[in-house]
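Bear in mind that the values in this text are calculations on the coordinates, not laboratory data. Treat the numbers as computed from the prediction; the structure is a model and nothing was measured. Note that we place each Cβ from the backbone using ideal geometry, even for glycine, and neighbour counts take in every protein chain shown.
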Amino acid sequence: MSTVTLAKALNAGLRDALAANPRVLLFGEDVGRLGGVFRVTDGLQKEFGEERVFDTPLAESAIIGTAIGLALRGFRPVPEIQFDGFVYPAFNQIVSHAAKYHNRSGMALPLTIRIPYGGNIGAVEHHSESPEAYFTHTPGLKVVTPATPADAYGLLRSAIDDEDPVIFFEPKARYWQKDELELPVPHVPIGQARIAHEGESVTVIAYGPTVETALQAAKAGEAEGLSLEVIDLRSLVPLDTETLLASLHKTHRAVVVHEAPVFGGFGAEIAARLSHDAFDFLEAPVERVAGLNIPYPPSRFEKLYLPDVDRILEAADRVVAYA
Amino acid sequence: MAQLNPEGTLPPAVAIEEAGLDRARLVDLYRWMVVIRRADAEALNLQRQGELGLWGQFLGQEAAQVGATLALHPDDWIFPSYREFGMGMCRGIDPAAMLYLFRGLTHGGWDPASHHFAPLAIPVASQVLHAVGYALGCKFDHSSQVVLACFGDGATSEGDWHEGMNFAGVFKCPVVFLCQNNHWAISVPLEKQTAGRIAERAAGYGFPGVRIDGNDVLTVYAVVRAAAERARRGDGPTLIEAVTYRMGAHSSADDPTRYRSDDQLAAWSPRDPIVRYEAWLLAEGHLDDARAGAIRAEADAVAQTMRTKLVNAPVPPPSEVLFDRVYTSPSRTFQAERDEFAATLEPSE
């Protein structure tokens, strides 16, 4: 066992994927010589050479568009978008082509698009966003996000092995979160949620950076006699509704947590599904604890915007008190 | 650049033999131009008769499409825009199957890998990046294959076009950029699209650009062939601006009388790529009236077969069309949605 950060686990996952399959390619802005602005690709160019791990010109649409061409050629590209807020120039390539190429051509498009996302890092504008709902709304894509070092490794390996395009959101505020583990850990199948903490009274559904916040809330709740079950979705598309419904059979109450603005956010899909599929055994309306319906705020104000332990506990109190 | 003049006489500078053109190949260029023009006209008829939802003619651009396609090796990849139907025919794709897209039966219609011909790209210029990525892959594989990226003059205003050109220059990709400058992007004329010359922009990306007569099939053939060989040698990309003219409408939904005059059309008519080339072939003795007549008859037959197959095309089962090619490895949730949908169709199935 050794101490492994989430960033280090991603680095190991990329290294092992490069070693396992000569068709895997890593590229993007500053991923080569520098090793990425978060050092997630550190040392990989040196180890695998400039034709496997390389820097591109500064152009997100071209990073994804050329990745599509490389995938058609039989490569397994793993392009990086440097920050969440810079993915939009590539939006057309992702939505109009990556998501639909298989549909129109029958050709597989094995493509893993890595995007560091989320706030809580004190950054300037465009570096703290959570754009996952744009992609979960696009059929043809798979969308996953790990919350732990082990899942970072295991989900990344599954994403790179997958024959479909996968958007791989990395919770950048959790890059330095540590766990004791022995790498490599087994691959984590895409589409399988994880019970991060067992509880009895309320199901708290989180993903990516908010899983840790939900776990902190569960710990705080225990002191108050409130038992929270925390589910880490890991995969938004496909969504593991079975694990959610099994939990709701036990708790009858749910709170969904994410950083993205609440209106039209991924929590709305979960709330709608649960309200329908769990209608007969829900004891309270599904609550959402999410970002405000505003542009991501200046960093001095981000704590007011982001879901925190108190907001999760308040929502849990509300669903418990609902009569 | 030497070229056929409107009367169909050729300055001596074009080295026909050097371009690898024997008589059979010379006639083949003609044959394909006649065949694709006939199929294009038939497709427009089919649209007018309600058999196709939309049709985008390429009338007048036959030399650019045939010259470029025949100049490539059969395993070189072509990344078309939505107007490269003629190129697809030259690649041996069943023209009826290519029309299924315009009949609303599919978003595709052929297997790109077996024809080395990518799906038609409808978002303008977006395919340029796929072509560059594919070419980069050819380079990584030390393959002798090269890639032809096709687009029109309007596409050169898009960001993806610039990004593609820039990437290709930086990575020295084996790609030939072919602009069919037909002077129109729906209703917007070339002078409102760009204040400069398209071919000259290549210099800014660090590779050569050349402006040619896109209505001269021999010039197109020779220049694309040379650019492809340059790419094959590892010397990088070339931008070719093939100057041509869109003799028809942007699409069957367009009405060009609202924005262009008959005078312009009249000015381009004498430069018709087929008329010019036919005159030259006849004068040189490469073609006689009997062979020309046989080719026209063949074109009629191709058009008739295409029509018959298209109007009789079976409509595949909805569940298959809608759900079968969304994911290669669909989740249980997705399968459940497919089954739920299929169940709603059961009474009629």
(message) Can you tell me how segment A:2-181 classifies by the Cα gyration tensor, rounded, prolate or oblate, using a/c under 1.5 as the rounded cut?
(response) rounded
(request) Give the distance, in whole Å, between the Cα centre of segment B:242-256 and the Cα centre of segment A:253-323. (result) 53
(request) Could you work out, residue by residue across B:321-329, how many beta carbons of other chains sit within 10 Å of that residue's beta carbon, and then give the average as an integer? (result) 6
(request) Taking the Cβ of each residue in A:107, B:306, A:1, B:165 as the centre, tally the other Cβ atoms inside 10 Å and list the residues starting with the fewest. (result) A:1, A:107, B:306, B:165
(request) Would you please give the FRET efficiency between residue A:249 and residue A:180, computed as 1/(1 + (r/R0)^6) with r the Cβ-Cβ distance and R0 = 41 Å, to the nearest 0.05? (result) 0.80
(request) Calculate the dipole size of segment A:2-181 relative to its Cα centre from +1 charges on Lys and Arg beta carbons and -1 charges on Asp and Glu beta carbons; express the result in debye to the nearest 20. (result) 300
(message) Just to verify a number: FRET efficiency for residue A:216 and residue A:2, C-beta to C-beta distance, R0 = 30 Å, to 0.05?
(response) 0.75
(message) Name the residue from B:223, A:105, B:259 whose Cα lies farthest towards the positive end of the charge dipole of the protein assembly as shown, charges +1 on Cβ of Lys and Arg and -1 on Cβ of Asp and Glu.
(response) B:223
(request) About the Cα centre of segment A:258-323, how large is the charge dipole given +1 on each Lys and Arg Cβ and -1 on each Asp and Glu Cβ? Please answer in debye to the nearest 20. (result) 260
(message) Under a crude label model (7 Å from the Cα following the beta-carbon direction), how far is residue A:323 from residue B:194 in nanometres?
(response) 7.4
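Sort B:90, B:173 so the one with the fewest other Cβ atoms within 10 Å of its own Cβ comes first.
B:90, B:173
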(request) Summarise the partner chain shielding of A:106-112 as one whole number: the mean count of Cβ atoms from other chains within 10 Å of each residue's Cβ. (result) 3
(request) Mind checking which of A:196, A:316, A:271 is farthest towards the positive end of segment A:194-321's charge dipole, using Cβ charges of +1 (Lys, Arg) and -1 (Asp, Glu) about the Cα centre? (result) A:271
(request) Could you size up the charge dipole of the protein assembly as shown around its Cα centre, putting +1 on the beta carbon of Lys and Arg and -1 on that of Asp and Glu, and report it in debye to the nearest 20? (result) 1200
(request) Using a Förster distance of 30 angstrom, determine the FRET efficiency expected from the C-beta separation of residue B:157 and residue B:257, and round it to 0.05. (result) 0.75
(request) May I ask you to evaluate 6.51 cos²θ - 1.76 cosθ + 1.60, the Karplus curve with θ = phi - 60°, for each residue of segment B:315-325 and list the ³J(HN,Hα) values in order in whole Hz, giving x for glycine and proline? (result) 8, x, x, x, 4, 5, 4, 6, 10, 6, 10
